[in-house]
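Please read the structure below before turning to the comments.
Bear in mind these aren't lab numbers, they're just calculated from the coordinates by the rules spelled out. Only a predicted model underlies this, so the values are computations on that prediction, with no experimental measurement involved. Neighbour counts are summed over all protein chains in view; Cβ atoms, including those assigned to glycine, are modelled from backbone coordinates with ideal geometry.
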Amino acid sequence: MEKEIQKFEYRKGIYEGETVDNIPNGKGKLVSGKDCFYEGEFLNGSFHGNGKFFCDGFGCFEGKWDNHSFLEGKASYLFVYRGYEMNTIYEGKFEDFFLVGNGKITSANGEIYEGNTLNGKPHGKGKLTCCDGTVTVGTWTNGEKDYEYTDEDYENAGGDKRFARCNFIEHI
């Protein structure tokens, strides 16, 4: 079966690209409405291989896909979604659009977390670089820094046990 270049209506959108038996296979672009598209590789009609999905009002996902599932790459959300912050960049492996395992989170204000993640939040060992250059290495639990507090820390934080050296953790 040879690949053909075609343009036709497909899954509530317009597909243009390589096909086999009138099914997207190979490189192509699927545009749905005026604000959403996937451009990249297809296999039997599904996003598969390297590609970029963008949908205005949702976000942008660029990297590896398998059967419409985003597996690995870079994602940014255009609004708060399931705990993800808007204008924040998440890089690494994904499961069900959640960043999992070793990853990198760059917040809109420039703070960077590198390390273990769970459900898109710092979880496990990692390193946080704050906007002012302060670096904190340690362990996080569900987005909160595990920290041994001193009496001075509590006093400086007004007795707030959620005290952290920078605001990044509160943004997640």
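Summary table
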{"item": "Environment charge at residue 20 (Cβ cut-off 10 Å; Lys +1, Arg +1, Asp -1, Glu -1)", "result": "-3"}
{"item": "Too-long pairs where the Cα-Cα distance tops 22 Å, listed order kept, from 27/52; 52/104; 7/93", "result": "7/93"}
{"item": "Qualifying trypsin sites (Lys or Arg not before Pro) in region 54-136, DSSP loop, other Cβ atoms within 10 Å at most 15", "result": "82"}
{"item": "Added length on full extension, which subtracts the Cα-Cα distance from 0.36 nm per residue, residue 132 to residue 89", "result": "13.6 nm"}
{"item": "Chymotrypsin sites (Phe, Trp or Tyr not before Pro) restricted to DSSP loop in region 1-64 with at most 16 other C-beta within 10 Å", "result": "58"}
{"item": "Rounded if a/c under 1.5, otherwise prolate or oblate - region 1-64, Cα gyration tensor axes", "result": "oblate"}
{"item": "Shape of region 52-128, Cα gyration tensor, a/c cut at 1.5", "result": "oblate"}
